[in-house]
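A short worksheet on the structure shown next.
The values are calculated or read from the model by the stated rules, or taken from the named source; none is laboratory data. As the structure is a prediction and not an experimental result, all values here were calculated from the model. So basically every Cβ, Gly included, is an ideal-geometry build from the backbone, and we count neighbours across all protein chains shown. Ligands, DNA and RNA are stripped out before the accessible areas are found, and what is left, the full protein with its side chains, is counted by its heavy atoms. Shrake-Rupley method; radii C 1.70, N 1.55, O 1.52, S 1.80 Å.
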Amino acid sequence: MAAKYWNRLSHERELWQQGLNFVAGVDEAGCGPLAGPVTAAAVVFPRSWLESGLPSKFRGLNDSKQLDHEQREKFFELITTHPEVRHAIATVDVEMIDRINIRQAAWRAMNQALDQLQPRPEHVLVDGLRIKWLTYPQTALVEGDARSYSIAAASVLAKVTRDRLMLEYDRQFPGYGFGEHKGYATPQHYAALKALGPC
């Protein structure tokens with residue numbers, strides 16, 4: 001296997017070598033938009049990949065922002081249907097975001113996704129800075145979604161799930177352009193808010 005493929009699995013491999021079996025990557029989507037929920041996902045790759053390495057189909061997996069729509073959909077399908085890969089997804093709605101703030105809502109979604117995994121993770125790899133509200137042992141990796149395959153996988157699941165929700169909202173609330181900007185603060189979205197008011 002090429003060195004870069006080992007490198008993006010290096011954090012998982014280090015924990016596996018310490019005897020841990022269930023190492024999860026976790027990430028969120030939706031902390032920046034003006035509208036819509038925040039979604040988090042958690043992904044656990046099998047410890048057997050310590051020896052076999054990343055399957056070739058997973059090569060090219062990256063931070064969801066570095067992938068186009070078709071690539072994200074391809075990896076979403078691959079991750080969610082692979083018999084050895086465990087995954088979970090959680091969403092926190094707008095009402096809860098408004099009540100507890102977006103950052104707390106994102107952490108809540110992450111904990112909910114991790115809690116769904118069976119068995120529960122023994123250690124979690126998180127993107128960015130350490131999250132004090134996470135209820136699991138963790139390693140924080142700056143730009144982790146580009147440095148860890150399991151975080152990248154979680155970022156893809158979170159992004160695709162949220163984008164699909166925003167497409168549904170686009171049908172429910174026409175005129176805002178949710179299908180295009182997914183709720184982010186684009187000029188189109190600001191123009192729609194000015195013309196239509198909040199929905």
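Is there a residue in the range 77-91 that is β-branched (Val, Ile, Thr), without any contact (Cβ under 8 Å) to a residue 60 or more places away in the chain and touching a Ser or Thr at 6+ places or on another chain (Cβ under 9 Å)?
Scanning the range 77-91 turns up no residue that is β-branched (Val, Ile, Thr), without any contact (Cβ under 8 Å) to a residue 60 or more places away in the chain and touching a Ser or Thr at 6+ places or on another chain (Cβ under 9 Å).
Run residue 76 past the list (1) open to solvent by less than 40 Å² (accessible area, probe 1.4 Å); (2) in contact with a Cys (Cβ under 8 Å, 6 or more places away or on another chain) and report the number of the one that doesn't hold.
With respect to (1) open to solvent by less than 40 Å² (accessible area, probe 1.4 Å); (2) in contact with a Cys (Cβ under 8 Å, 6 or more places away or on another chain), residue 76 is out only on (2).
Residue pairs, Cβ under 9 Å, 6 or more apart or interchain, first in the range 186-199 and within 18 Å of residue 172 (Cβ to Cβ), second open to solvent by 60 Å² or more (accessible area, probe 1.4 Å) and among the polar types (S, T, N, Q). List them.
Within 9 Å, the pairs are 199/172.
Which one is most open to solvent (accessible area, probe 1.4 Å), of the residues in the range 4-39 that are under 30 Å from residue 179 (Cα atoms) and touching a Ser or Thr at 6+ places or on another chain (Cβ under 8 Å)?
Per the criteria, the residue is 28.
Being aliphatic (A, V, I, L, M) and open to solvent by 70 Å² or more (accessible area, probe 1.4 Å) narrows it down to one residue among 126, 160, 156, 142; which is it?
Checking each option against the conditions leaves just 142.
Cβ-Cβ under 9 Å, sequence separation 6+ or interchain: first residue in the range 37-49 and free of Cβ contacts under 8 Å to residues at least 40 places away in the same chain, partner in a strand (DSSP E or B) and crowded, with 24+ Cβ neighbours inside 10 Å. Which pairs?
The qualifying pairs are 47/23.
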